[in-house]
Amino acid sequence: MSVPPSFTRRAVLTAGVAGGLVALTQFAAPPRAVAAPPAGTRITELGPGMQQYSLMSGVFDGGVAYIGSRNLEPTGAIGVDVATGTVIASTTLTSGHSVQALALDRARRVLYLGVLQKSAGQPNVYRWALDTPEVPAQPIGRIGGDRDVRDLAVAPDGTLFAVGGSGPTAPALWQFDPATGQLTSLGVPDSSVNLARAVAATDTTVYFGAGTTFGGGGSTGRAALFAYDRAAGTFTDITPAEMRRDPSIRELAVDGDRLLVSTAGSTEPTKLAAISLADHSVTAIATSIGKTAKTFAVLGDAVYCANESGVLRWRPGAGTIEQLDTGSVDLGEIWGLDPHGDGLLVVSGYGFVADIASSGTVRRRIDLGEAGAPVSPQTCMGIAVGGGFAYVGGNGGIARHSLTGGGVVNLAAPGEAKDAEVVDGVLYTGQYSSQGIWSYDPRSGEPIHRVASFPSEQNRPLDTNWDAKNGLLLVAAQADTEGGGSLWAFDPLTRASTIAVNPIDEAQLVRAVIAVDGIAYLGGDNAQKTGPRGTVVAWDHVAGAELWRVETGQPNGIAALESHGRHLFAWTIKGTLIVIDRATRAIVHTADHRALCPGFAALKSARGVIYGVSDTTLFRIDPKTFAVTVVVPGINGGWYSGPHLNVDEEGAVYTLRGRTLVRVDDLPHLG
């Protein structure tokens with residue numbers, strides 16, 4: 001893939017100011033009594049971990065592209081005049097971290113916004129009056145216990161409908177009546193699904209699309225499509241038989257007298273369908289290309305949608321589907337696709353808007369940073385250090401920080417680098433979602449590129465580790481829709497890769513991995529509320545065989561693993577330290593450190609000790625006494641999916657303090 005020029009230009013700007021950007025926005029944490037950093041500990045700020053205009057939604061109307069932000073603070077949206085290539089309107093919201101759902105009421109000049117948030121209780125649906133864009137978007141309520149709004153739709157009569165999930169119960173269909181200002185639940189049509197990502201509406205019927213997107217396995221349901229009769233107040237299951245085995249309904253859109261439907265693929269291929277609004281019969285169905293199909297746009301007899309590789313063209317009448325050729329331009333993850341004249345307007349997760357011909361030719365690109373979008377630090381993913389660089393993963397890119405010159409370059413990469421390692425100066429990442437392993441050598445001049453692929457259902461890499469004895473990169477992974485997980489192994493010399501699916505058991509994903517003397521130690525967790533978790537397995541990844549296992553008996557899964565001498569250190573979610581003697585396979589120490597670790601954590605060995613970081617604290621474990629000491633209290637790293645840390649060749653620790661990359665020299669422990 002090629003690096004978009006927009007990122008090259010932004011890299012120059014970023015490099016010019018990186019040294020001076022020390023102000024940061026920190027995650028709020030409750031006050032707590034913590035120890036001061038030990039005398040001699042030195043913290044060096046290296047600038048924002050990753051900054052760009054990150055986005056998660058886009059719609060086009062009246063010559064203006066409206067775009068919702070992702071993992072930025074404050075959360076908000078912008079309006080970009082496509083003709084002039086400038087931001088002409090913007091608004092900020094009072095809650096949430098990302099705007100995934102946008103819906104236009106074109107007749108009434110209103111844009112509705114639905115947000116994702118870390119905890120329920122705050123408003124998650126907003127209304128922005130486009131004729132007075134200087135007035136901030138106003139909250140209109142929240143969709144009950146569902147903390148995330150994944151999709152919105154406006155019926156012709158102006159009624160708004162919302163769907164989402166990530167709450168304690170199955171997702172419901174929600175309705176907002178602008179006349180009364182009331183946001184109410186219309187009920188839960190399927191108690192077995194865990195997320196609703198699609199909604200469409202007419203004046204008589206609302207279409208609700210859901211399934212299992214995260215935390216699959218067990219009794220979770222598959223793709224579910226319901227028609228809600230607005231007059232009768234009843235749901236009818238209209239899921240096409242061909243889609244019932246797919247994990248989830250991904251996209252819905254009303255087009256004339258038909259409903260356009262897509263699914264998200266996993267073990268099953270992605271599907272596209274057209275359904276009659278009159279009798280809900282399937283008038284056309286096709287197997288799509290790739291792992292997802294979302295964001296419908298119609299031009300003539302063709303239906304266009306986005307997959308992970310770009311734009312597809314489906315002609316239901318002819319029964320054909322094809323991938324458009326965009327030449328050397330990588331559109332990245334597409335979050336908006338709308339008709340624009342005789343072509344299409346694409347909103348790319350790489351931070352640009354593209355005008356493309358119906359054939360796929362890219363006619364123009366608008367860099368959002370240059371257009372005036374608020375480029376700012378985002379919450380980050382994984383981190384890797386080595387060869388003179390620190391790499392920080394974000395949405396749609398990886399920031400490469402020079403540790404000698406101080407410059408920063410954003411490398412365009414699809415999805416998210418959940419974790420990474422630097423081996424002999426070369427970066428290797430575990431790339432979400434279903435992107436496999438990617439590689440980047442700063443000495444080669446080549447862009448970052450994929451070097452290994454794995455079954456698409458094994459979509460979420462969580463931890464990486466280098467097995468020096470066997471010369472293999474190990475990646476621990478989770479299967480979001482199917483449950484369980486896997487261990488990947490990749491040989492950089494031969495480019496060969498292997499996968500062990502469910503090496504712990506069918507329920508436990510592999511959240512952590514550490515290689516010691518050529519043996520991989522795996523830490524198990526479970527996305528379900530009940531079932532086994534916290535198992536530690538010694539795994540021969542060359543032979544593909546289990547050697548032994550230890551049941552920790554903890555109520556929470558393993559968040560991180562590290563080793564020192566004969567001991568294996570396991571840190572659980574919510575802060576229990578477990579020390580296992582690898583020779584005797586016995587647990588020799590257990591201690592509760594939940595005051596330092598309210599959630600996830602990461603561990604890394606350096607300078608004769610083991611460093612750990614939680615959402616709140618950087619700490620040190622003495623490998624002989626097992627005592628835990630605070631190194632940096634209140635570090636409050638701006639991580640999106642759990643904290644990370646890594647170390648350079650000298651043993652200095654790199655992590656985030658707020659949204660700023662920091663180097664921590666723990667001077668009392670230089671060896």
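Set the Förster radius R0 to 25 Å, insert the Cβ-Cβ distance between L667 and A595 as r into 1/(1 + (r/R0)^6), and round the FRET efficiency to 0.05.
According to the calculation, E is roughly 0.50.
L493 versus T267, label points 7 Å from Cα toward the beta carbon: distance in nm?
Output for this residue pair reads 3.7 nm.
At a 10 angstrom cut-off on C-beta neighbours, averaged per residue, how do the peptides 325-331, 624-630 rank from highest to lowest?
With the highest mean Cβ count within 10 Å placed first, the list reads 325-331, 624-630.
Kindly give Rg over Rh for the chain, based on alpha-carbon atoms, with the Kirkwood expression for the hydrodynamic radius.
Details: Rg = 24.5 Å, Rh = 25.5 Å.
That ratio is 0.96, to two decimals.
Taking a quarter of the surface of the convex hull around the Cα atoms of segment 55-285, what do you get in nm²? Could you put the intermediate results ahead of the total?
Numbers: hull surface 50.8 nm².
Averaging across all directions leaves 12.7 nm² for the Cα convex hull.
Can you pull the three principal axis extents for the Cα set of segment 342-400, in Å, largest first?
The principal-axis extents, from largest down, are 47, 24, 18 Å.
What FRET efficiency do you get for T94 and S185 if R0 is 30 Å and r is their Cβ-Cβ distance, rounded to the nearest 0.05? Present the calculation step by step, with values, prior to reporting the outcome.
On the way: r = 23 Å, r/R0 = 0.75.
Result of the calculation: an efficiency of 0.85.
What distance in nm separates the simple spin-label points at S276 and V588, each placed 7 Å from Cα in the Cβ direction?
7.3 nm
Enter the angle in degrees (range 0 to 90, nearest 10) between the Cα long axis of helix 5-17 and the first principal axis of the Cα atoms of the chain, meaning the one along which they spread out most.
The angle comes out at about 50 degrees.
When you count, for each residue, the other Cβ atoms within 10 Å and take the mean per peptide, how do 439-448, 210-219 rank with the highest first?
210-219, 439-448
Determine the dipole magnitude for the chain: charges of +1 sit on the beta-carbon of Lys and Arg, -1 on that of Asp and Glu, nothing else is charged, the reference point is the Cα centre, and the result goes in debye to the nearest 20. Mind showing how you got there, number by number?
Working: 51 positive and 63 negative charges, 232 e Å.
Here the size comes out at about 1120 debye.
Which residue, Y350, A318, P339, has the largest displacement toward the positive end of the dipole of segment 288-371 when charges sit on each Cβ (Lys, Arg +1; Asp, Glu -1)?
Checking the options against the dipole of segment 288-371, the answer is A318.
Sorting check: for 67-73, 272-278, which peptide has the highest mean count of neighbouring beta carbons within 10 Å, and how do the rest follow?
67-73, 272-278
One-quarter of the Cα convex hull surface for segment 178-308, in nm²?
Reported value for the Cα convex hull: 8.9 nm².
Two decimals is fine: what's Rg over Rh for segment 349-479, C-alpha atoms, Kirkwood radius as Rh?
1.01
Full extension from K624 to D61: what is 0.36 nm times the residue separation minus their Cα-Cα distance, to one decimal in nm?
Length difference between fully extended and current span is 196.3 nm.
In square nanometres, what is the average projected area of the Cα convex hull of segment 288-371?
Hull-based average projected area comes out at 5.1 nm².
Return, ordered by residue number, the residues of segment 278-302 whose backbone nitrogen is under 15 Å from a label point located 7 Å along Cα→Cβ of A318.
Answer for segment 278-302: 299-302.
Give the calculated FRET efficiency between S219 and A120 to the nearest 0.05, with a Förster radius of 25 Å applied to their Cβ-Cβ distance.
Numbers: r = 23 Å, r/R0 = 0.93.
FRET efficiency, S219 to A120: 0.60.
Got a sec? Charge dipole of segment 55-285, +1 on Cβ for Lys and Arg, -1 for Asp and Glu; which of S262, L104, A170 is way out at the positive end?
My answer, from the dipole projection, is A170.
Do any trypsin sites (Lys or Arg not before Pro) in segment 217-298 lie in a DSSP loop with no more than 16 other beta carbon atoms within 10 Å, and if so, which?
R244, R245
Any read-out appearing in this document is the output of simple, stated calculations on the displayed coordinates, not a laboratory observation. As the structure is a computational prediction, the values presented were derived from the model and not from experiment. In this analysis, Cβ positions are derived from the backbone assuming ideal geometry, glycine residues included, and neighbour counts consider all displayed protein chains.
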